[in-house]
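Participant: I am attaching a structure below and will ask some questions about it afterwards.
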Amino acid sequence: ELLEKAAEPLRIMMDIKDQHLELQGELDMVLQVDKNWMAEALENILKNASEHGPNGSPILVTVENRPLSRVIEFTNKGEIRSEEIPHLFTRFYRGSRASKDSVGIGLAISRAIILQQEGQVEVRSGEGETTFTIRFPK
């Protein structure tokens, strides 16, 4: 339900780019978070994945209930330069491939919301794909 709410505003953009979400894992997992704020955080991460992923490529969303945490991962076929990764969650940071309309606050807002909900967020990128991982402790 939370993922659907986050993806809804991005449907048109994803259709234009011929992208789709591939959902896998424990999609009925329950999180103790503010649904509206968390939907905002997830929407910003999905928007980033769509904007920086190639046309025709899927965005894989994996939900797992691990022994110590609940995890949501977003993986796309875009790659982020290693020198840019430490700055991605910095307010007003615009990566070298950001659109001219980008303000650079979406990922910073996502991080703030996730931290406020007692979660963690990280990103790793290489070999043609990028994964954003969100963890909530049990």
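The values are calculated or read from the model by the stated rules, or taken from the named source; none is laboratory data. No experiment lies behind these values; they were computed from the predicted model shown. With ideal geometry, Cβ positions are generated from the backbone for all residues, glycine too; neighbour counts draw on all protein chains shown. Heavy atoms of the whole protein, side chains included, go into the accessibility calculation; ligands, DNA and RNA do not. Shrake-Rupley method; radii C 1.70, N 1.55, O 1.52, S 1.80 Å.
Participant: Tell me, what is the per residue accessible area of the chain in Å², probe radius 1.4 Å? The partial results should precede the final answer.
Facilitator: Working: 8090 Å² over 138 residues.
Accessible area per residue: 59 Å².
Participant: I'm spelling it out carefully: the read-out is P(r) over Cα pairs in 10 Å bins from 0, in percent, the candidates are [x] 12, 37, 26, 16, 9, 1; [y] 12, 38, 32, 15, 3, 0; [z] 12, 46, 36, 6, 0, and one was derived from this structure. Which label?
Facilitator: The listed entry that was calculated here is [z].
Participant: With a/c under 1.5 counting as rounded, go ahead and sort the range 18-63 into rounded, prolate or oblate using the C-alpha gyration tensor (a ≥ b ≥ c being the square roots of the eigenvalues; past the cut-off, prolate if a/b is larger than b/c, else oblate). Intermediate values should be presented prior to the final figure.
Facilitator: Values: a/c = 3.78, a/b = 1.52, b/c = 2.49.
It comes out oblate by the Cα gyration axes.
Participant: When DSSP beta bridges are limited to those with both residues in the chain, what percentage is antiparallel, rounded to the nearest 5? Display every interim value, and only then the final one.
Facilitator: On the way: 21 of 27 bridges.
The answer is about 80 percent antiparallel.
Participant: If you don't mind, there's one more thing I want to ask. With the full set of protein chains in place, find how many percent of the accessible area of the range 12-103 is carbon and sulfur; take the probe as 1.4 Å.
Facilitator: Carbon and sulfur: 50 percent of the exposed surface of the range 12-103.
Participant: Could you give the nm distance between label points at SER82 and SER69, where each point is 7 Å from its Cα heading toward the beta carbon?
Facilitator: If labels sit at SER82 and SER69, their model points lie 2.3 nm apart.
Participant: Follow-up. If the elastic network links every pair of Cα atoms under 10 Å, which of GLU43, GLU127, GLU84 fluctuates the most in the Gaussian network model of the chain?
Facilitator: GLU127
Participant: Counting helices only, and only those DSSP H runs with n ≥ 4, report the 222 nm mean residue ellipticity of the chain as the sum of -39,500 (n - 2.57) divided by its residues, in deg cm²/dmol to the nearest 500. Kindly include the intermediate steps, with their values, before the conclusion.
Facilitator: Working: 4 runs with 41 residues, N = 138.
Value at 222 nm, helices only: -9000 deg cm²/dmol.
Participant: With only Lys, Arg, Asp and Glu charged, each at its Cβ (+1 for the first two, -1 for the last two), find how big the charge dipole of the chain is about the Cα centre; round to the nearest 20 debye.
Facilitator: 400 debye
Participant: Between ASN36 and LEU115, take the C-beta separation as r, use R0 = 22 Å, and let me know the FRET efficiency to the nearest 0.05.
Facilitator: Values: r = 17 Å, r/R0 = 0.75.
Once rounded, the FRET efficiency stands at 0.85.
Participant: What's the FRET efficiency of SER102 with LYS17 using the Cβ-Cβ distance as r and R₀ = 22 Å, to the nearest 0.05?
Facilitator: Numbers: r = 16 Å, r/R0 = 0.73.
Efficiency, rounded to the nearest 0.05: 0.85.
Participant: Find which of SER57, SER99, VAL71 sits farthest along the positive direction of the dipole of the range 42-138, computed with +1 on the beta-carbon of Lys and Arg, -1 on that of Asp and Glu, about the Cα centre.
Facilitator: Final value for the positive-end residue is VAL71.
Participant: From the Cα gyration tensor of the range 93-132, with a ≥ b ≥ c the square roots of its eigenvalues, which class applies: rounded if a/c is under 1.5, or else prolate if a/b is larger than b/c, or else oblate?
Facilitator: On the way: a/c = 3.91, a/b = 1.22, b/c = 3.21.
It is oblate, given that a/c is not under 1.5 and a/b is not larger than b/c.
Participant: For the chain, what's the relative contact order in percent, using C-alpha pairs closer than 8 Å and at least 6 residues apart?
Facilitator: Details: 236 pairs, mean separation 34.3, N = 138.
Result for the chain is 25 percent.
Participant: Let me ask something else. Any idea how far the Cα center of the range 71-138 sits from the one of the range 1-63, in Å?
Facilitator: Using only Cα atoms, the two centres lie 13 Å from each other.
Participant: Now, a different point. Compute the distance in nm between two label points, each set 7 Å from the Cα along the Cα-to-Cβ direction, one at GLU4 and one at ARG94.
Facilitator: Roughly 3.7 nm, to one decimal.
Participant: Sticking with this one: Is the C-alpha gyration tensor of the range 1-40 telling us rounded, prolate or oblate? Criteria: a/c under 1.5 is rounded; beyond that, a/b larger than b/c is prolate, otherwise oblate. If you can, show how the numbers build up before the last one.
Facilitator: Numbers: a/c = 4.35, a/b = 1.58, b/c = 2.75.
Here the range 1-40 falls in the oblate category.
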